[in-house]
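Participant: Sharing a structure here in structure tokens format.
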Amino acid sequence: AAILMSGTFYPPSMYADILGIPQDKRLDRIYESPFPKENRKVLGLRGMTTQYARRDDAMYGDYAAHLAALAGAMAGNTAAFFPSYKFMEDVASRIDGKLSGMELIVESRSMTKRDRENVVGRLRERKPACLMLAVQGGSLSEGIDYEGNILSAIAVVGLPLAPPNLEVKALVGHFISKFGGARGNLYGYTAPALNKVVQSAGRLIRSEKDRGVVVLMDERFAQARYAALIPPELQPEMLAGQDEMIAEVEHFFNKNM
């Protein structure tokens, strides 16, 4: 027998399929987090998306304004995780002047282990508070434990759906040949992106004492085909815009002081 478990792989049935474990020889179980539910608020935003067809200067400006407002609504550090370096850089170029009394940290493509350690050290100092911009699936969104509640909020900016290159097409084709068209596209294309989203959001709460806010900044997170790949505890409360987001964030931290 074997016990296979993870804090981020969801749903477990999909990973059992991919690993080739037959239906009649497995038990799939999902367990709730043991951490207090009231310590984390998960919000989503309507009217915002990182879809390729809708990317323009106005979109980048909207994301910059929302991130600056989110970071300014609390005393601690905020991390924002993006679908690509290009998207992150386009937003970063529009955000610096919008921050007041905060430090902006932007992940670079050439960041070393020492650079990452220095970033975590700056976040741990908390003075001044920082807004960190990084990439989903990158060196700052996976493999680093932000312990001690050094992050007060995380924004997940869009879905990191891979461009349809040869590798992606080959992977999707492989899964289609094994599981059929619907599950093949789900397993080979959609699920890897949502796994990065869950990994990024999971950087916030690292112990039963941590508390903070996750904001999923893309209206597609409320769509059924994507919501089905997000664990129950990360299902967002969808809001209309920036004003509602700030009101919810301020209420959360005032209530938990």
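Participant: Can you give me the number of residues within the stretch 118-143 that are over 16 Å from ASN77 (Cβ atoms) and at pLDDT below 95? Let's see the steps before the verdict.
Facilitator: Initially, the stretch 118-143 is screened for residues over 16 Å from ASN77 (Cβ atoms), giving 135-139, 142-143.
Still in the running and at pLDDT below 95: 137-139, 142-143.
Matching residues across the stretch 118-143 total 5.
Participant: Please enumerate the residues belonging to the stretch 116-141 that are open to solvent by 10 Å² or more (accessible area, probe 1.4 Å) and among the small types (Gly, Ala, Ser).
Facilitator: Selection gives GLY121, ALA129, GLY137, GLY138, SER139.
Participant: MET88 fails exactly one of the following numbered conditions: (1) under 17 Å from the mean Cα position of the chain (by Cα); (2) closer than 30 Å to PHE179 by Cα; (3) open to solvent by less than 60 Å² (accessible area, probe 1.4 Å). What is the number of that condition?
Facilitator: Going through the list (1) under 17 Å from the mean Cα position of the chain (by Cα); (2) closer than 30 Å to PHE179 by Cα; (3) open to solvent by less than 60 Å² (accessible area, probe 1.4 Å), MET88 breaks only (2).
Participant: Of all residues in the stretch 236-257 being more than 25 Å from GLN223 (Cα to Cα) and assigned to a loop (DSSP other than H, G, I, E, B), which is least open to solvent (accessible area, probe 1.4 Å)? Before the answer, list the steps.
Facilitator: If we filter the stretch 236-257 for residues that are more than 25 Å from GLN223 (Cα to Cα), which is where we start, we get 250-257.
This time we only want the ones that are assigned to a loop (DSSP other than H, G, I, E, B), so: 256-257.
On the way: ASN256: 40, MET257: 181 Å².
Looking at the filtered set, the residue picked out is ASN256.
Participant: Next question. Give me the pairs, please: first residue somewhere in the stretch 10-38 and touching a residue at least 24 places away in the same chain (Cβ under 8 Å), second residue anywhere and of a type in the set (Val, Ile, Thr) and outside any loop (DSSP other than H, G, I, E, B), beta-carbon distance under 9 Å, and either six or more positions apart or on two chains.
Facilitator: Listed by first residue and then by second, the contacts come to TYR10/VAL198.
Participant: Here are ILE95, ILE105: which of them is at pLDDT below 95 and open to solvent by less than 30 Å² (accessible area, probe 1.4 Å)?
Facilitator: Details: ILE105 fails: at pLDDT below 95.
Exactly one residue qualifies, and that residue is ILE95.
Participant: Between ILE105, ILE154, ILE176, which is under 13 Å from the mean Cα position of the chain (by Cα) and of a type in the set (A, V, I, L, M)?
Facilitator: Working: ILE105 fails: under 13 Å from the mean Cα position of the chain (by Cα); ILE176 fails: under 13 Å from the mean Cα position of the chain (by Cα).
None of the others qualify; the one that does is ILE154.
Participant: Just wondering, is there one or more residues in the stretch 40-47 that are open to solvent by less than 40 Å² (accessible area, probe 1.4 Å), modelled with pLDDT of 95 or more and over 20 Å from PHE221 (Cα atoms)?
Facilitator: Residues of the stretch 40-47 that are open to solvent by less than 40 Å² (accessible area, probe 1.4 Å), as a first pass: 42-45.
Next, only the ones that are modelled with pLDDT of 95 or more stay: 42-45.
In the following step, the residues that additionally are over 20 Å from PHE221 (Cα atoms) were identified as none.
The answer is no; no qualifying residue exists.
Participant: Then there's this: Can you go through TYR10, TYR60 and tell me which one is under 19 Å from LEU229 (Cβ atoms) and either among the aromatic types (Phe, Trp, Tyr) or open to solvent by less than 70 Å² (accessible area, probe 1.4 Å) (or both)? It would help to see each step written out before you state the result.
Facilitator: On the way: TYR60 fails: under 19 Å from LEU229 (Cβ atoms).
Selected residue: TYR10, the only one of TYR10, TYR60 that is under 19 Å from LEU229 (Cβ atoms) and either among the aromatic types (Phe, Trp, Tyr) or open to solvent by less than 70 Å² (accessible area, probe 1.4 Å) (or both).
Participant: Now for a different question. Scan the stretch 89-105 for residues that are touching a strand residue (DSSP E or B) at 6+ places or on another chain (Cβ under 8 Å) and free of Cβ contacts under 8 Å to residues at least 60 places away in the same chain and jot them down.
Facilitator: Filtering the stretch 89-105 down to residues touching a strand residue (DSSP E or B) at 6+ places or on another chain (Cβ under 8 Å) leaves 89, 91-92, 95-96, 99, 102-105.
Scanning the stretch 89-105 gives GLU89, ALA92, ILE95, ASP96, LEU99, MET102, GLU103, LEU104, ILE105.
Participant: Separate question: Looking at ASP24, is it open to solvent by less than 40 Å² (accessible area, probe 1.4 Å), part of a helix (DSSP H, G or I) and over 22 Å from ASP145 (Cβ atoms)?
Facilitator: Numbers: open to solvent by less than 40 Å² (accessible area, probe 1.4 Å): no; part of a helix (DSSP H, G or I): yes; over 22 Å from ASP145 (Cβ atoms): yes.
No: the conditions fail for ASP24.
The values are calculated or read from the model by the stated rules, or taken from the named source; none is laboratory data. Computed from a prediction, not measured in an experiment: that's the story for all the values here. A quick note on method: Cβ atoms are made from the backbone with ideal geometry, for glycine too, and the neighbour counts reach across all protein chains shown. These area figures cover heavy atoms from the full protein model, side chains too; ligands, DNA and RNA do not enter into them. Shrake-Rupley method; radii C 1.70, N 1.55, O 1.52, S 1.80 Å.
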